Amino acid sequence: MQPRIAITADAERIDDSAYLRAYKRAVEQAGGKPVLLYDVVEPEDVAGALAGFDGLLLPGGADVDPAEYGGRDHPTVSKAPPAYDRLELEAARIALRQDIPTFAICRGVQVMNVALGGTLYVDVPEEYEPRNGLRLQHRQTPPHARHEATHPVDLDDGSLLARVLESRMTP
């Protein structure tokens, strides 16, 4: 039986097929059955919506509202709709409590961090000086598609992902 993978999606962008097509295709290529989770707006309904899923994919997207982690508003913040923040934060908390395997990409990693009580840099270029002196482009611009990776990610040596990829660096 194919594992059922819930993919959270912003209900306001559900018709943006390019936004979700790559995620759905990746789940299918890995042998899973992707199911979009987007029309759940009340936190108490998220647990029921996640019931029966074998995994959760938290995709990339807009910034988590800084109010969710005690941050300050900033002109560079590109906020997601509040209902989407609530859906993803609650889905992440439930996945953590119920030990549902979760794959988080970009915004999804931010969501996991905030769900665990962490904070974020509100404006990375303003608040963070990279070790190697190179600044990362976090907003894809042409010729890159918005879902295309434009920078590598340095992984923790002991992490599951580093072991699966047999590398400390994503391509």
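The numbers here are math on the coordinates, done by the rules we state, and not lab data. Here the structure is a predicted model, which means the values were calculated and not measured. Every residue, glycine among them, receives a Cβ derived from its backbone with ideal geometry; neighbour counts consider all protein chains shown.
Observations on the structure shown:
- Conditions (1) in contact (Cβ under 8 Å) with a residue 12 or more places away in the chain; (2) out of contact with any strand residue (DSSP E or B) (no Cβ under 8 Å at 6 or more places or on another chain); number of the one not met by V111: (2)
- Test: L36 is surrounded by fewer than 19 Cβ atoms within 10 Å (Cβ to Cβ), more than 24 Å from L120 (Cα to Cα) and not charged (D, E, K, R): yes
- Taking the range 40-63 as the range and being assigned to a loop (DSSP other than H, G, I, E, B) and within 21 Å of Q98 (Cβ to Cβ) as the test, the residues that pass are V40, V41, E42, A51, G52, F53, D54, P59.
- Test for A51: is it touching a helix residue (DSSP H, G or I) at 6+ places or on another chain (Cβ under 7 Å), under 27 Å from L161 (Cα atoms) and not charged (D, E, K, R): no
- Any hit, the range 81-100, residues being in a loop (DSSP other than H, G, I, E, B), over 12 Å from the mean Cα position of the chain (by Cα) and touching a residue at least 60 places away in the same chain (Cβ under 8 Å): yes
- Inter-residue pairs, beta-carbon under 9 Å, first farther than 22 Å from G32 by Cα and in the range 53-69, second assigned to a strand (DSSP E or B) and of a type in the set (D, E, K, R), 6+ apart: A62/K79; D63/K79; V64/K79; D65/K79; P66/K79
- Here is the figure for the range 64-78: residues that are in contact with a strand residue (DSSP E or B) (Cβ under 6 Å, 6 or more places away or on another chain) and surrounded by 15 or more Cβ atoms within 10 Å (Cβ to Cβ) total 2.
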